[in-house]
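The values are calculated or read from the model by the stated rules, or taken from the named source; none is laboratory data. Nothing here was measured: the structure is a model prediction, and the numbers come from that model. Heads up, the Cβs are rebuilt from the backbone with ideal geometry, glycines too, and the neighbour counts pull from every protein chain shown. The accessibility values were calculated without ligands, DNA or RNA, using every heavy atom of the protein model including side chains. Shrake-Rupley method; radii C 1.70, N 1.55, O 1.52, S 1.80 Å.
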Amino acid sequence: MDYKEIYSKILSVEPNTRMVSVCDSDGKILFSEHREGVTNLLSPEESKRSLEMAVNAWKTRSQLADKIGKGKYVLAEYEKIKRITMPLDDNHILYITTEVNADHDKIIKSVTK
């Protein structure tokens, strides 16, 4: 799986993407890249913790999959960013942050194709 290609595709669909990360189901970061010129809002430690929390929340939701189906994505909108978490496949999670004005629907549709 070419993570850089996934990153480039997402950026081409929505230029207001801030960051794209890929991690495994244990939360190990396999790829993470910010758009050029983006200033981090979190320290490296806070970024890692945010990603771990998103992975753990995804695992918790997956426990209900037998009853409600597999999760497709989670969108969290904050005052300064949007965060999209979604499965890339059965063993990898895609974690995307965008500017608030980004068209998150375009990103989600492009990844799920």
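General observations
For every residue, the table says whether it meets (1) closer than 17 Å to residue 113 by Cβ; (2) within 14 Å of the chain's Cα centre (by Cα).
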site: 7; (1), (2): yes, yes
site: 30; (1), (2): no, yes
site: 48; (1), (2): no, yes
site: 55; (1), (2): no, yes
site: 61; (1), (2): no, no
site: 82; (1), (2): no, yes
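- Among the conditions (1) acidic (Asp, Glu); (2) closer than 20 Å to residue 105 by Cβ; (3) without any contact (Cβ under 8 Å) to a residue 24 or more places away in the chain, the only one that residue 2 does not satisfy is (2).
- Residues in segment 89-100 that are open to solvent by 20 Å² or more (accessible area, probe 1.4 Å) and farther than 23 Å from residue 36 by Cβ: 89, 90, 91, 92.
- Members of segment 60-69 that are open to solvent by 60 Å² or more (accessible area, probe 1.4 Å) and in a loop (DSSP other than H, G, I, E, B): 63, 64
- Within segment 28-56, the set of residues being over 14 Å from residue 97 (Cβ atoms), open to solvent by 80 Å² or more (accessible area, probe 1.4 Å) and among the acidic types (Asp, Glu) comprises 36, 45.
- When residues of segment 1-18 are limited to those that are outside any loop (DSSP other than H, G, I, E, B), open to solvent by 20 Å² or more (accessible area, probe 1.4 Å) and of a type outside the set (S, T, N, Q), the one nearest to residue 39 (Cα to Cα): 18
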